[in-house]
Each structure stands twice: as structure tokens, then as C-alpha cells.
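First up is the structure itself, then whatever we jot down about it.
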Amino acid sequence: MASPLFLDPDRLFPADEKTRDLARELYTTVKDLPIISPHGHVNPQMLLDNEPFSDATNLFLTYDHYVFRMLHSAGIDLTKIGVGKSDPVDPRTAWRIFCENWRLLDGTASGYWLTHEFVTLFGIDEEPCAENADKLFDIIAEKLSTPEFRPRALFDSFPISVLATTDDPLDSLEYHAALAADETFTGQVIPTWRPDAYVNTRKPEWRSKVEALTASVGQPVDSFEGYLEGFRASRARFIENGAVSADFGVAHPLAVDMDDAELGALYHKAVHEGLTAEESDIFEGAMLFRFAGMSVEDGLVMTVHPGVYRNHNTESFTTFGPDTGHDIPVQTEYTKNIQPLLDKYGNDPRLHLVLFTIDETVYSRELAPLAGFYPSVFIGAPWWFIDAPDAVLRFRAATTETAGFSRSSGFIDDTRAFLSIPARHDMSRRLDSVFLARYVIEGRISRTAAFHWIKALTSDQPRKVFKLD
Amino acid sequence: MASPLFLDPDRLFPADEKTRDLARELYTTVKDLPIISPHGHVNPQMLLDNEPFSDATNLFLTYDHYVFRMLHSAGIDLTKIGVGKSDPVDPRTAWRIFCENWRLLDGTASGYWLTHEFVTLFGIDEEPCAENADKLFDIIAEKLSTPEFRPRALFDSFPISVLATTDDPLDSLEYHAALAADETFTGQVIPTWRPDAYVNTRKPEWRSKVEALTASVGQPVDSFEGYLEGFRASRARFIENGAVSADFGVAHPLAVDMDDAELGALYHKAVHEGLTAEESDIFEGAMLFRFAGMSVEDGLVMTVHPGVYRNHNTESFTTFGPDTGHDIPVQTEYTKNIQPLLDKYGNDPRLHLVLFTIDETVYSRELAPLAGFYPSVFIGAPWWFIDAPDAVLRFRAATTETAGFSRSSGFIDDTRAFLSIPARHDMSRRLDSVFLARYVIEGRISRTAAFHWIKALTSDQPRKVFKLD
Amino acid sequence: MASPLFLDPDRLFPADEKTRDLARELYTTVKDLPIISPHGHVNPQMLLDNEPFSDATNLFLTYDHYVFRMLHSAGIDLTKIGVGKSDPVDPRTAWRIFCENWRLLDGTASGYWLTHEFVTLFGIDEEPCAENADKLFDIIAEKLSTPEFRPRALFDSFPISVLATTDDPLDSLEYHAALAADETFTGQVIPTWRPDAYVNTRKPEWRSKVEALTASVGQPVDSFEGYLEGFRASRARFIENGAVSADFGVAHPLAVDMDDAELGALYHKAVHEGLTAEESDIFEGAMLFRFAGMSVEDGLVMTVHPGVYRNHNTESFTTFGPDTGHDIPVQTEYTKNIQPLLDKYGNDPRLHLVLFTIDETVYSRELAPLAGFYPSVFIGAPWWFIDAPDAVLRFRAATTETAGFSRSSGFIDDTRAFLSIPARHDMSRRLDSVFLARYVIEGRISRTAAFHWIKALTSDQPRKVFKLD
């Protein structure tokens, strides 16, 4: 028999009644505010086309590496659920596998979000299990066939105020343009400029990428000036289409100050001979430095997401492709690595630099001290594996005492899972309420301060940091 | 006057009544389950001979480096308590020193365990101090003289279901065999294969060790094939005697994929010329990789215990020998170091690789992400300095949100202190109950899930991870 | 309208009533004990001259980099508040800027301390804001003009028992001598020997510093013997003037064991040619080792404050000078770095070595294991960015289970902000009470132990560690 699935209205609030009551009071003031999502990975075409979602497996499983990686850890063959570039599977069969293994998600952030989605969106009241898999599949299918479950209707009902996507610098941005031009859609969907593939010379596609980039401004591939001009032109086009930020998924948050002659020579070598591993790192660091300079000029907010060993397992990469669950964090250093960039631009009010991490050790040691001094630096919300309740409270506890609340980015969902957006923002609002309530109860901040900051962290802060006003 | 010594029946449960009640309810379902101890350092001969323990000092002090290191930190000369290879001392005099310094253990895991042992096993109701030292010594002596305090009687009364020892690959395993053959003893005492001394070429005893190993299979010392064959034969013999796992106490969790020719040449050099420090590291890493391959073949679970600077103090090492309190942890890296091994064997269901750490920073950053993807990887229970209440709760909070409960090893006591085994397992069961209760109270998991996992973590999980069924 | 400013008498105590009650009970036993401040940066001349403090800006803002760095992070030009070597400003105007930005300090340690100071010393009952800035400035000015607010009167009223300053080895110590000779002042103000400027060969002033040092003992600058003799003579003079400790602000806690010939040659090279970056590190490490030897001879306690990237921003350094908010922590390693020093002197009862950190990761991994073995090693109280409520509780939780309470230094305020001293010590006493109360409530230590340790941590422990009796 299936166990009940229940969404506690006081979930995430601590056991202590006084703190719980104040947390609830704070949360109530922000729970219905529109969602600001300045960084994420939703596909804009989905919103343009506005087609119904196909089925539960497609919606919750096949594209969510947070979820299917846990199935993989239990020894389940991911080809059976059609992950990545493996062959398509029968969604109902895959859904059964998911339901049979629901217990694997107990205590995880994904389990928490899915419970939120199942209960609030689909009215499901049983924990998934082998016995009810088909029933749940059908309940979801029925809902998905209704107009309320079309992407745009969901977008409006969550409600989302601003949603940023993540895009290739040579992307046509046609979906963004079409959405902006569509008078029946009032949501704001904006692109984000992400040039990684044009900077990481180790990737096999690098050469073809920079050929296209330089060609886009009528320059030969080995023109370093053309390379920079291509980036500038692309950024300008993104800004015209509403972009407010540029994102960098680098191995290390390394910045290198290098003059045109030296960096141009390195670029030339990259194009004609290829770079050593060490030269590649330096090239990426030098380009990160240059992108900061471009941001000072054109105003794009920089977000940096470092510290991930991508594609840790060759067999999985070969079978399924990238982003299929085997990216593993590594230790990350910011104080020394990013110093040259901050030395030059750190005090410039035109630069907004949001530093993310999955290495929690840097919160109190590096990120809070940096953000508590440099007007350009903001501490990114907990990302990926640490975007989870206990980790979020650790983040606040590790950064607030040094940098207060004004230096954090506000919540960033960074998700591919469109339906999880409300669950994630709701989680963040609850946790900030819990943290602020505790500080009030412990006599550390005033009630006035707590009610000020819960609003600021939910809306004003992300708007300010991402220049959304 | 001595202070009362009291064992709170609700110890380790949090102050909040709701959480405390649920934690107690969960704990009650597992508190009497038999103990599964798949990794530890109890001497099997003690159980075979079944002689009475000699005295309190021998039992609680002389061999417990967790305890006597705190006395050393207070400036007490360890020769006065007969530690390691120093001369034997009068146990009553040494016991007085211990009792006088009881306050040093306040708040430590050892203080907590000893309190449990003193109260539950010996009925002691006063905190040790100068005044009651002799009285406590006598109380303990009297108990030790009774049949109920013989090792086997204690083994049955704890009760222990399975106890694994740690053994040299050339150990005769005679005690294990005799215990298994003894019909009057129904406990399961199994060996663990630990080849460190045969792999660490820096140790002075390495050469004689590998001579004996290769000779055991009739090969000359410089035969690399003989070296591997010696290991394989020894593992087979351990498996015949009930072994389920192989343990590796390496400096770093480094794995190196190296072919026979290259590794054989390195072995040859080690035998004939000796290796540089760097070559030694590579040799150890290459052998760890090979041992994973052997585990895939013969099924022995791999447990890895890295990250300790052994024998940090020369004077103490010279006076007392190894394992006398001056081993100090260092920072440890897993994501990159272990990648080659996981790249080859990480998805193989035949491999179980339990990664332990005393560097807490890797829990959320490396171990939980690895175990949440690779079916071979399990997160080892908090080890050594971090096998303590607050640290255990930090461990659960740092790993569960990424990897759930299914990827942890279950509790491992890893102890030399036989009498502390029930105290340690009881502590673990209480803490898991506390953690699960909090997640229920905070609306993060269902009651069904909590009752499922408290049982699983206590029994099913260690049985599954260590292939004990 | 201004919000009320309120100092909760139960501040920092947890919400749970039982724990709160016991924490309050523990705190009550120590809240009025005299302050022992064995390491800090108060100017002794201030106490000798005993002039009134000039104004609120000078007192709370201009010299407190914890506070003005947050203003800088908000984009406020620090020349407008007269920081460092920038031109003096109108204090009332600067104070307005501070009050307008009070919200930036919400949740920070500085906000907590300032609230304590505003309420307890000045009777302020409104949160600073734009509207009340002038009023608060005047309230503070009025108080500062009274005799009770002269430095010596405050010193007595806090009350401070011992206050250590931080001083240059060639400092005349005239203020300390005059204070000691002044029969109207009964407080104990003692110097601390800090030789950093004479050891860090990278600093431009190094050469002139060592010239003066060697000259002080009648030796030429390139005499290594003169260099060592200068240090010894200076230490002896400090000890005569009451010094109990020597402080070392090193980049890394590196110790190098190097003989006279080799180290003398390195010194010679430093004087005549200059050292490479690597040689500089080695020279500093070798001198740290030598200073440990001197401490074994003359008894000065060693305090080590490593792990800070000083002057991270060139523009700020040029405009404002050092100690103006842009020092950023880096990862720090102790186990390997300090090993040579501990190998030689770690078991010597004459050495007291207090290891501080702003890298929290080392508490459970390195510092607690080191201090739980070596009688010379004490764990320094949380320092700088982590001298804050949540961080202090993390520190206790990370160290106690391995090293108990006896191996911690007791509280060190390390402050330049004279008026914050009572707030900081009060915070520490409250937090230790909270931690001990939790351990009692969770059945981990006895009430006897808790009442013993709250007293010990407040008074006996710092007295013992700093040899103040």
C-alpha cells in the first residue's frame, strides 16, 4: 500500500514554536511575490511553441540529472529511461522504474521539490511506488492535457516575472524575439550570454566555434581583433534582445591580466597549433579578465560558476553525453585567482560580478570577505548540489556575519526543470524566513530588519544585482 | 566529593520536545538490534582465548589513543601509564592519573563512550576523580572477574552479530579458523585483508614483507607477477576464511592506471634500488587501481581510509611507537585522485568502494556527489576524530541532500576498544534517529521514510554494502 | 521614523526554553568577571594621556575596518569618511553616511557589537538612520565629554583586568612604563612582541628595520648573530616591561628547521642581494622555528595569525594604506607546515603555541587533533571574520569533540575598537554558555562540568595559556 504524500504548510520551519511562528509571518509577506529568475536553463522555444508537455517521464525524469543520477547510483541502467543520447524508451515503463525507486530521493533536494510539484500541481497524495506508478502516470497525463498545463499558462500562474535563459553567443535569439513580439505573452524571457565554448580551447568544437564567431564580423579565424570584435558584437545583440548578464562556466575563477600582444599571440597559437593544458588555463583566465572589461563597458552582469570536474566518467559520457549526472565538484580558490580582475575593476560601480560556488568552504573564508569589501562582488546563491535546505542555511550562517544581507545575489534557481521553479523559489523564501526569524529570536537583528530583508532578498536584491530595473 | 555520573536515557536527542519524542520513537525500533561491525581492530585471539580482562587501565587507557592523547596534551608523561612500547606500569597508579584528569574528556566522544561503558557495564555512578580512583578501580576489577565479563560473554550480550578484524595478508588466520570451528562460540568473527605494509615502499619493513609475500607463492622477490599472485592467493585464502572486505590506509586516495610493463618496472626498481618519494606515491596509486581490479574479480569490498599524517612527532614515535596519538589529518582530495579508478570500474556492480574521510570538507563537495552517481561508491561513516555526535550530524546534513540515505555505509565503529562497541553503535543509532526526526518535523520526509531508513541504516545498509548476506 | 534599538537580555541564547534557562544560569556566573585581554591592538598612549574621545565618527567608524569595509562594499567613497591616510573629514557628515547605511550591518558581528555599545554605554534606543543621525551624534558627544567616558574610567568600568597591546620590537615601551609607574592607574597594560616587519624581507621597510635592530645591539646590519641578538635583547626588554607573548602575522604557518650556517647565509643574501619569493618564505619559516626556540628559553607565549592575503586591492592600498578593509583570507595548512617546529618543541612544557585561523576548515581536521596531542598547542579563539556568534558555535562544535575544552585559548578580542571590548567578551561568555548548556541538555556533559568550564574558559584558561599568573 502506498504511503501518504503530504506537503506540510510549515515545511522547513524549525521545530521551535516561537521561531516557527515568526518564520511563517515573514514568509507570508513574500510567498506570493512574482518570481524573478535571472539565471537558468529553460528552453525559450518551449514557451514560444506552447505545446503540451508529453508525459511524466519526459517532464520529471529524462532531463533532470539531479534525479536520474540517483537511479544510476542504485545500479539502474540509464538507457532504460532514455537519458541523453540513448534511444527513446516507453515513458510509462521508465516512470515505473522511477516510482519503484522513490525512496532513493528521501532527504534530497530533488525529493523535496518533486513532492511540492506532485502535490501542488497534480494533487497527488500518495508517495510514488511500484503499485501506484501507472495511476500517477495517468493522473499527470490527464493534467498535462489541460490548457492550464501549457507552458505559458504555467509561466503566468507560478507567477514568473522575469526568466533568463542561457544561450550561445551566436544563437539567433529568434525565440526570444518572437516571444517579445508576441502580444499574447506578457512574460519577460531574456537571454544570457554564455561564451564558454568559444573560450575553452580544449574542446574539439572550439575551432569551428571561433571560425563562426570571427566570420560573424567578417574576420578571418586567426584575427584576435576579430575574436574580440565578434564577442562585442554578439554582446551588443544580446543586450538589444534584453540580456542583462553573461555567464562563465570556468574550471577555476582565474583571471589573468595580459596585454593585447601577448594574448593575441596566445590566441594565434591556439588557432594554429593548439595550446598546452597550462596555456589553455591562462588563455581562459585572460579572457575572463577581458570579459570583465567588456562588462564595465556594456554593463552586462558577470556570473561565474566554477569548480566542476565535467564528465568524470568516460563510459557515461560516451553513452549519454554531457550533463548526465557525472559532473563532480572540486576544491576552488577565489582570493588569489580572481585578484587581478578585482584589482583592476573591483571598485568600479559598473561591474557586477556574482561569484557562485559548490565548494562550501569558501563562503566564510573567501566569498563573504570579498563581497564585504568590493562593491562589484556579490555572493551567488547556493548552486547545484548545495541548493538544498540545510546547505542554504549553512550558506547564510557562513556569509551573513561577515557580509550582511546586502551582498548576496538573492535566489537563483539555475534549473532546467521548468515545473520545479515555484518549488525552488518557495524553498528559498522559506529558508530566508527561517534564518531571519532565528536572528530575531536570538536578539541579533530587529523585527524591522527581518521584514526589510525578507522582501529585499526575494525581489529587490536580485533586481538590483542583475540590473533588472 | 565526586560528582554524579549519569546516563540520560534521552541523551543526544535535541531539546525540542516534538523532535525528541519522534527521535526516541525511531531509536526504540533499532536500539536492541544486533551489532554489525564490518570494520574494526579487535584482536581475534582475545575472543579465542576468552581470558578475563586484567584491569581498568589495560581495558580503558593503555590501548585507547583517543583517551591517552588527551592526557599527553595536558603534559602527562605517557610512560607513566605504560603506553605503547614503554615499560609496564602499576595499573592502579596509572588509573589514578586517568581519574584525576577526567575533566579533559568533557565534551569529547571518548568521554561520552566511557560514561556509557562505566554506567551500563559497571554500574558506576560517580564521575572519576582523584578521590574515587581506587574505588572505581576495584569496582571494575570485581566485575572483570565474573564470567559475564569474559570477552565471549560480552560479545554475546552486546549483542554482536558480525565482527570484522583487520589483518596482515600473510596472517595465518588461525584464530579466525579456530573460532569458526568452535561450536561453543556462535558469533561471526571475520578477517579483513589489509595490504598497506606490502605496498608502501617507504616503510623499512617493505622489503622483508614482499619477500615473504612472493615466497608464499614460490616466486623470487623481484617477480612482479609473483607479487600480484601473492596478493591474489592471500585474498582467496581470506575469502575462504570469511573475509568480505579489503582495507587501504593510504596517504591519498590516488589511483593510477598503469600497464603491466610500466608498473612491473617500477616494482623492480622498488625492490632493487628503492623509489623516490614521487615514485612511491605513483606505485601506491597504481596498486590501489590494481586492487580495484582484483575486487571486481573476487568480490572483496574496498574500504579506503586516507588523509592521515602518521607519526607526526618523532620523539613520541621513538618512545611509544605508532598509533600512540600523534597521527594528524591533512586535507584530502578525491574527485581528481580517484577518477581513473572510477572511470574504469565505477559503474561495475561488482565493485563496492567505501570512501572514508577525516576531512569534513569533502562530504558535500566530493563524496556525496560521487556516491550519488557511481553505483560502486558508498560514503563511509564519519571516522576517527569525526566519529562524534556533532560531527555525525554534520555528516548527515552535508551528504543527505545530495545523495540521500542509500549511499552511506551504515555505521562503522573502527575501534580497538572492545567495550566501547555498544556505546558507539548506540550513539550512531541515536544520531540517525535525531537526523531523521528533524527531517520529518521539518516536513522534508515522511514518517514512513524515517522508519524505513532508521532500520536500513542500522542493519540492511551495512549488510548490503559489505555483502554480508 | 526610526526603529527601536533594543538589547535583548537573553540575546544569543537559543529559542528552546530549557537550553535558554541553563545558558542564562551559566552566563550569570561569569558575566561580571573582569576582562582578560591577552591580545589586541589598543593604543597604550590613549590610556596614558586619558584624553576624551573626540566624536562618534572617530570612535566607531574611522578606525574600524570591519565597519567601513561594509560601507565600501555599498559603493561609498571612503575618502568621505576620512579612512586611513585620506584627508580628514567633517565627523558629523561622515556619521550621517554611517547612520544612513546602518542596515548594511544587520546580521554582522559589528552590528551586534555596536548595538551593545550604543545601548549599554550611550543609552541609545533607536536604530541609526538618516533622520536621527545628528541626534545620535550629539547624544554620543555629550557622553564623551563626561569624566566617566575618559579611557581610564572606561577601562576600570568594563572592567578590564589585563590588556595586552601589540608592539614593534624596537618600541620604547615608554607608554607601558609610564602607565606601570602611574600609581593612579591600577590596570595592567602589557606589551606584545611582534617582529613581522623584521622578518618579512619582501617589505620595503625591511632593510631599515634590521639596520636599526642590529644597531640596537651594536652590530652591523649583515651580522646574523647581531640579528638574533637584537631579537633576544628586545624580547628581554619586553619581558621586563610585562610582556607575556610574541605574535606572528605570517602568510603561512610554515616552520623550517635550518642550521646557523645555512640560515645565516640566507640572511646575508637578504641583506645584500634580496631574496626570491621562495627564499623569503623559507627565511620566514626558519625564523618562526627560531622564535619557538627563543620562547622555550625565555617563556614568551607564541601566537600565530596566518592565512591572510594582505592589501588585496592596489587602489585602496594606495589611497588609504594598510588595514583598510581589503585583507582577504586564503586557505591555510598547519599539519605539514608546522610539523618541524612541533617535532622539536611540541612536547616541551615551556612552549605555549596558540594557533589562530580564519580558515574554518582546519578546526576539526588539523587544529583540534594537534591541540589534543601536543601539550604546547592551544586552539586560538575564532579570529577576525569568524569572531561572530554562529562561527564561534561552529568552532566549539568542530573542536570540542576531539580536544575537549582544555585545549582552547579562551577568548581573545584582538580589537582596535576599545569600546567594543566589553561587547566582545560578553558575546563570547554568552556563546560558551549556550554551547555548554546544549551539551548538558543533550546528556553529553554533567552540570558540574558545565559550571566548571564556563568559569575556566572565561578566566582560568586564558590566564594559564598566556602565563598571566
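Every number here is computed from the coordinates shown, using simple stated rules; none is lab data. Note that the structure is a prediction, hence the values are computed from the model and not measured. Glycine also receives a Cβ, built like all others from the backbone with ideal geometry; neighbour counts cover every protein chain displayed.
If a/c stays under 1.5 just call it rounded; otherwise compare a/b with b/c (prolate if a/b is bigger, oblate if not). Do that for chain B, with a ≥ b ≥ c from the square roots of the Cα gyration tensor eigenvalues.
Working: a/c = 1.69, a/b = 1.26, b/c = 1.34.
It comes out oblate by the Cα gyration axes.
Taking a label point 7 Å from Cα toward Cβ, how far is A:THR448 from its twins in the other copies, in nm, shortest first?
Output for A:THR448: 5.0, 5.0 nm, nearest copy listed first.
Treating the point 7 Å from Cα along Cα-beta-carbon as the label, what are the nm separations from C:SER157 to the other copies, to one decimal?
Taking the point 7 Å beyond Cα along Cα→Cβ, the inter-copy spacings are 6.5, 6.5 nm.
Would you list B:LYS336, C:LYS209 from fewest to most Cβ contacts within 10 Å?
Values: B:LYS336 15, C:LYS209 19.
Least to most surrounded, the residues fall as B:LYS336, C:LYS209.
Which value results for Rg/Rh of the range A:143-262 when Rg is the Cα radius of gyration and Rh the Kirkwood radius based on the inverse mean 1/r?
On the way: Rg = 17.9 Å, Rh = 16.5 Å.
Across the range A:143-262, the Cα-based Rg/Rh ratio is 1.08.
Can you list the distances in nanometres, one decimal and ascending, from the C:GLU174 label point to the identical position in each other copy, with the point 7 Å along Cα to Cβ?
From this label point to the equivalent ones elsewhere in the assembly: 8.3, 8.3 nm.
Counting helices only, and only those DSSP H runs with n ≥ 4, report the 222 nm mean residue ellipticity of chain A as the sum of -39,500 (n - 2.57) divided by its residues, in deg cm²/dmol to the nearest 500. Present the calculation step by step, with values, prior to reporting the outcome.
Details: 21 runs with 218 residues, N = 469.
Value at 222 nm, helices only, nearest 500: -14000 deg cm²/dmol.
Rounded to whole Hz and in sequence order, give me ³J(HN,Hα) for the range A:311-320 from the Karplus expression 6.51 cos²θ - 1.76 cosθ + 1.60, θ = phi - 60°, writing x for Gly and Pro.
Using θ = phi - 60°, the values come out as 6, 5, 10, 4, 4, 5, 4, 5, 6, 10 Hz.
Between beta-carbons, use under 12 Å as the cut-off and find the net charge around B:ALA23, counting Lys and Arg +1, Asp and Glu -1.
Numbers: positive: B:ARG11, B:LYS18, B:ARG20, B:ARG24, B:LYS31, B:ARG429, B:ARG430, B:ARG438; negative: B:ASP10, B:ASP16, B:GLU17, B:ASP21, B:GLU25, B:ASP432, C:GLU442.
Summing Lys and Arg as +1 and Asp and Glu as -1 gives +1.
Please report the antiparallel percentage of DSSP beta bridges with both residues in chain C, rounded to the nearest 5. Mind showing how you got there, number by number?
On the way: 3 of 22 bridges.
The antiparallel fraction comes to roughly 15 percent.
For the rotation bringing A onto C, which A residue has its Cβ nearest the axis, and at how many Å?
A:THR361, 3
Treat every Asp and Glu Cβ in chain A as -1 and every Lys and Arg Cβ as +1, leave all other atoms uncharged, and give the resulting dipole magnitude about the Cα centre to the nearest 20 debye. Don't jump to the answer; show the numbers that get you there.
On the way: 44 positive and 70 negative charges, 220 e Å.
Around 1060 debye, computed over chain A.
Once Lys and Arg get +1 and Asp and Glu get -1 on their Cβ, which of B:SER37, B:ALA449, B:LEU179 lies farthest toward the positive end of the dipole of chain B?
Positive-most Cα among the choices belongs to B:ALA449.
Give the order of B:VAL271, B:VAL221 when sorted by the count of other beta carbons within 10 angstrom, beginning with the fewest.
Values: B:VAL271 21, B:VAL221 17.
With the sparsest Cβ surroundings first, the list reads B:VAL221, B:VAL271.
Mind running the shape call on the range C:49-207? Use the C-alpha gyration tensor, a ≥ b ≥ c as the square roots of the eigenvalues: rounded below 1.5 for a/c, prolate if a/b tops b/c, oblate otherwise. Don't jump to the answer; show the numbers that get you there.
Values: a/c = 2.17, a/b = 1.28, b/c = 1.70.
Here the range C:49-207 falls in the oblate category.
In sequence order, what are the phi-derived ³J(HN,Hα) couplings for the range B:336-350 according to the Karplus relation 6.51 cos²θ - 1.76 cosθ + 1.60 with θ = phi - 60°, rounded to whole Hz, with x for glycine and proline?
7, 4, 8, 3, x, 5, 6, 4, 8, 10, x, 9, 7, x, 6
Check C:VAL42: other-chain or 5+ apart residues with amide H under 5 Å from its amide H, H built from backbone geometry?
Excluding prolines and chain starts, which carry no amide H, the hits are C:THR166.
What is the range B:14-97's relative contact order, in percent, from Cα pairs under 8 angstrom and six or more apart in sequence?
Relative contact order comes out at 20 percent.
If you place +1 on the Cβ of every Lys and Arg, -1 on the Cβ of every Asp and Glu, and leave all else neutral, what size is the dipole of the protein assembly as shown about its Cα centre, to the nearest 20 Debye? List each step's numbers first, then the result.
Numbers: 132 positive and 210 negative charges, 383 e Å.
Its charge dipole is roughly 1840 debye.
Give me a single rounded figure for A:357-369: the average over its residues of other chain Cβ atoms within 10 Å of their Cβ. Working shown, then result.
Numbers: counts 1, 5, 5, 6, 10, 4, 1, 11, 13, 7, 1, 5, 12.
Whole-number average of other-chain Cβ neighbours for A:357-369 is 6.
Cross-link list A:LYS467/C:LYS80; A:LYS203/A:LYS269; C:LYS31/C:LYS467; B:LYS209/B:LYS467: which exceed 18 angstrom alpha carbon to alpha carbon?
Working: A:LYS467/C:LYS80 26 Å; A:LYS203/A:LYS269 15 Å; C:LYS31/C:LYS467 23 Å; B:LYS209/B:LYS467 29 Å.
From A:LYS467/C:LYS80; A:LYS203/A:LYS269; C:LYS31/C:LYS467; B:LYS209/B:LYS467, over 18 Å: A:LYS467/C:LYS80; C:LYS31/C:LYS467; B:LYS209/B:LYS467.
Quote the relative contact order of the range B:131-281 in percent (integer), defining contacts as alpha-carbon pairs under 8 Å separated by 6+ residues. Show your work: numbers first, answer last.
Details: 143 pairs, mean separation 33.5, N = 151.
So the answer I get is 22 percent.
Amide H neighbours of A:ILE190 under 5 Å, at least 5 residues apart or on other chains, H built in the peptide plane: list them.
A:LEU163, A:ALA164, A:THR165
Which of rounded, prolate, oblate describes the protein assembly as shown, given a ≥ b ≥ c as roots of the alpha-carbon gyration tensor eigenvalues and a/c under 1.5 marking rounded, otherwise prolate only if a/b is larger than b/c?
On the way: a/c = 1.32, a/b = 1.00, b/c = 1.31.
Judged from the Cα gyration tensor, the protein assembly as shown comes out rounded (a/c under 1.5).
Return a whole-number percent for the relative contact order of the range A:353-431, with Cα pairs under 8 Å and 6 or more residues apart as the contact set.
Once divided by the residue count of the range A:353-431, the mean separation gives 32 percent.
C:ASP247's amide H: which non-local residues (gap 5+, or another chain) put their own amide H closer than 5 Å, with H modeled 1.01 Å from N in plane and none for Pro or chain starts?
Result for C:ASP247 returns C:TRP193, C:ARG194, C:THR303.
Most exposed first by the Cβ proxy, i.e. fewest other Cβ within 10 Å, how do A:ASP343, B:ASP413 rank? Before the final figure, lay out each step's value.
On the way: A:ASP343 18, B:ASP413 26.
Taking fewest neighbouring Cβ atoms as first place, the list is A:ASP343, B:ASP413.
Straight-line reach from A:LYS455: which aspartates and glutamates have Cα under 17 Å away, leaving out those fewer than 8 places along the same chain?
Within reach: A:GLU25, A:ASP32, A:ASP426, A:ASP432, A:ASP469, C:ASP106.
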